[in-house]
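Worksheet for the structure shown next.
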Amino acid sequence: MTTMAAFIEQAWTDHATDEAGVATRVEAQTAQLAHAPEQIASFLALAQHVLISHRGDAAAMERCLQRVADMRCDEAALGAIAAARLAAALMRDTATPAGGVPVAVAIRAHGNAACGHASRGDAAAARALLQSATALAREDDAPALKALAACHHNLAAQLQEAGSSPATDELMMHAARESRRVWLQAGTWVNVERADYMLSRCAATLGDLEQALAHARSCLAICEANGADAFERFFAHEALARAGDDRSAHLQALRALLAGIDDEGDRAYAQSVLDAL
């Protein structure tokens, strides 16, 4: 693993708990890509997520892009530069029609910018970008539909963890519902049950336990119908516990399922969820 690859991996790990610190380190590290041009695409995916989605900082993203402008770029790097440039332009409302990138990439850029506006409290701008992203996706374009579902999911997840207002609460539920609707068209049963999980968590955050319980039950039913592994079923039971169902029974189920999660990282994350409950 190269030094730059190690930096990128650690930054993804750290950004959830040290967003500002990772943003500063990303900007400082950009110049080092000249020594690892094969990492430009991966680095810019990280930068776009942190600087645009989490912080809505188009200026910081543009400074990173300026530093890589003269570097040796492969096709993947050129695509990542175009996507990041589009996301920054969408934050500034200066984007031209996204004809220079694939539709799915343009949709993801719209989704990142929508998250960026939401992080700054501008629910109206975020919703407008989601509407623009939806208009880009054709019914027969599976990659575009998957990108659209994912960007709605990401926005719902970000808002579910953030502070709320009536406008952002409404946007959160809209995004969660749209994610499930589109995953029904373009995804697998795993995508749909995870969308139900997110809808349940969002509804529970707003105190709508009836809706939270309905989606948590749907999540578990889909898992059981498809022979889901312990990791997927674990989070269905978490949603049920948070939705006000028999908490004691679901805590018992969570403890039993935890032992059946094989991946060490997944198991550690599930343990942190159980500890929080």
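Laboratory data are not the source of any read-out in this text; all were calculated from the coordinates shown. Keep in mind the model is a prediction, meaning the values are calculated, not measured. Backbone-built Cβ (ideal geometry, glycine too); neighbour counts: all protein chains shown.
What is the Cα radius of gyration of segment 140-224 over 2.2 N^0.38 Å, N being its residue count?
Dividing the Cα Rg of segment 140-224 by 2.2 N^0.38 Å gives 1.04.
Let me check I have the definition right: for segment 114-261, take the eigenvalues of the Cα gyration tensor, multiply each by 5, take square roots. What are those semi-axes in whole Å, largest first?
Working through the eigenvalues yields semi-axes of 27, 19, 11 Å.
Net charge near LEU251, counting Lys/Arg +1 and Asp/Glu -1 over other residues with Cβ under 12 Å of its Cβ?
Result for the local shell: -1.
Mind checking the dipole of the chain: about its Cα centre, +1 per Lys or Arg Cβ, -1 per Asp or Glu Cβ, Debye to the nearest 20?
Rounded to the nearest 20 debye, it is 520 debye.
So for segment 222-264, Kirkwood radius off the Cα pairs, Stokes-Einstein at 20 °C and 1.002 mPa s: how many µm² s⁻¹?
Value of D from the Cα-based Kirkwood radius: 204 µm²/s.
Could you go through segment 5-11 in sequence order and give the Karplus-derived ³J(HN,Hα) for each residue, using 6.51 cos²θ - 1.76 cosθ + 1.60 with θ = phi - 60°, rounded to whole Hz, and x for Gly and Pro?
4, 5, 4, 4, 4, 5, 5
Which listed residue (ALA118, ALA228, MET91) has the Cα farthest towards the positive end of the charge dipole for the chain, taking +1 on Lys and Arg C-beta and -1 on Asp and Glu C-beta about the Cα centre?
MET91
What does the helix-only formula give at 222 nm for the chain: each DSSP H stretch with n ≥ 4 adding -39500 (n - 2.57), the total divided by the residues, and the result rounded to the nearest 500 deg cm²/dmol?
Computed mean residue ellipticity for the chain: -24000 deg cm²/dmol.
Find which of ILE52, MET198, ALA243 sits farthest along the positive direction of the dipole of the chain, computed with +1 on the beta-carbon of Lys and Arg, -1 on that of Asp and Glu, about the Cα centre.
So the residue furthest toward the plus end is ILE52.
At 25 °C and a viscosity of 0.890 mPa s, what translational diffusion coefficient does Stokes-Einstein give for segment 26-87, taking Rh as the Kirkwood radius over Cα pairs? Give it in µm²/s as a whole number.
220 µm²/s
Going by the alpha-carbon gyration tensor, a ≥ b ≥ c the square roots of its eigenvalues, is segment 82-160 rounded (a/c under 1.5) or, if a/c is not under 1.5, prolate (a/b greater than b/c) versus oblate?
Since a/c reaches 1.5 but b/c is at least a/b, the shape of segment 82-160 is classed as oblate.
Tell me whether segment 122-184 comes out rounded, prolate or oblate; compute the Cα gyration tensor, take square roots of the eigenvalues as a ≥ b ≥ c, and use a/c under 1.5 as the rounded threshold.
Cα axes put segment 122-184 in the prolate bin.
Using 10 Å bins from zero, what percent of all Cα-Cα pairs in segment 31-143 falls into each bin?
Values per bin, smallest distances first: 16, 47, 30, 8, 0.
List the residues, sorted by chain then number, that are 5 or more residues from ASN226 or on another chain and whose placed amide H is less than 5 Å from its amide H.
none
Provide the per-residue ³J(HN,Hα) series for segment 115-125, in order, calculated from phi with Karplus coefficients 6.51, -1.76, 1.60 and θ = phi - 60°, each as a whole number of Hz, with x at glycine and proline positions.
In residue order, the calculated couplings are 4, x, 5, 5, 5, 9, x, 9, 5, 5, 5 Hz.
How large is the direction-averaged shadow of the alpha-carbon convex hull of the chain, in nm²?
14.8 nm²
Measure nothing fancy, just the Cα-based angle from helix 247-258's long axis to the longest principal axis of the chain, in degrees from 0 to 90, nearest 10.
Roughly 60 degrees between the two axes.
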